[in-house]
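First comes the structure, then the notes that go with it.
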Amino acid sequence: MNGKLGKMGRALPKRLLMKKKKGPYYCGFCYDDFKYNDGPARHAKSVHYSADIVCLYCGTEFSDVDAHATHFQDKHVTNFKDEECKICQTQVDGIADFIHHMKNNHAVF
């Protein structure tokens, strides 16, 4: 309980107690800037946490970027066995080359 009561004698929600503070504030994903402190969270939820994130490597769908990054690390980097990229069939020389290739050619990570 926050201790502050509204006209009806109920505790006020946290969002009503928090004051908007002027920024600039930045998105942790794309570094867009926002005037107020609540902007980055609203932006990230609507832009970066969408249901259309698909793993290019296996087609699995994700609702947020963090889940995709964790999946890619656990399923495709940790268990790396292939010598070519499944997306474009480029030959890769080991795990370090695979990670470099995925970052630079397929915007994964």
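A short reminder: the numbers here are calculations on the coordinates, not readings from a lab. Every value quoted in this text rests on a predicted model; they were computed, and no experiment measured them. A quick note on method: Cβ atoms are made from the backbone with ideal geometry, for glycine too, and the neighbour counts reach across all protein chains shown.
Model label points for ASP66 and LYS81, set 7 angstrom from Cα along the Cα-to-Cβ axis, are 3.1 nm apart.
Each residue of the stretch 28-33 was assigned a 3J(HN,Hα) from its phi angle through the Karplus curve 6.51 cos²θ - 1.76 cosθ + 1.60 (θ = phi - 60°); the sequence is x, 9, 10, 6, 4, 9 Hz, with glycine and proline shown as x.
Work out how much length THR90 to TYR26 would gain on full extension: take 0.36 nm times their residue separation and subtract the Cα-Cα distance, in nm to one decimal.
Fully extending the segment from THR90 to TYR26 adds 19.4 nm.
Applied to the stretch 56-72, the Karplus parametrisation 6.51 cos²θ - 1.76 cosθ + 1.60 on θ = phi - 60° returns per-residue 3J(HN,Hα) values of 5, 7, 10, x, 5, 9, 9, 9, 8, 5, 5, 5, 5, 4, 5, 4, 4 Hz, with x for Gly and Pro.
In this structure, the pairs whose alpha-carbon distance is over 27 Å, taken from LYS21/LYS45; LYS20/LYS45; LYS22/LYS103; LYS35/LYS75, are LYS22/LYS103; LYS35/LYS75. Remark on ILE53: its backbone amide H falls under 5 Å from those of PHE62, a criterion applied only to residues 5 or more positions apart or on other chains, H modelled at 1.01 Å from N. Charged neighbours of VAL92, selected by a Cβ distance under 14 Å, balance to -2 (K, R count +1; D, E count -1).
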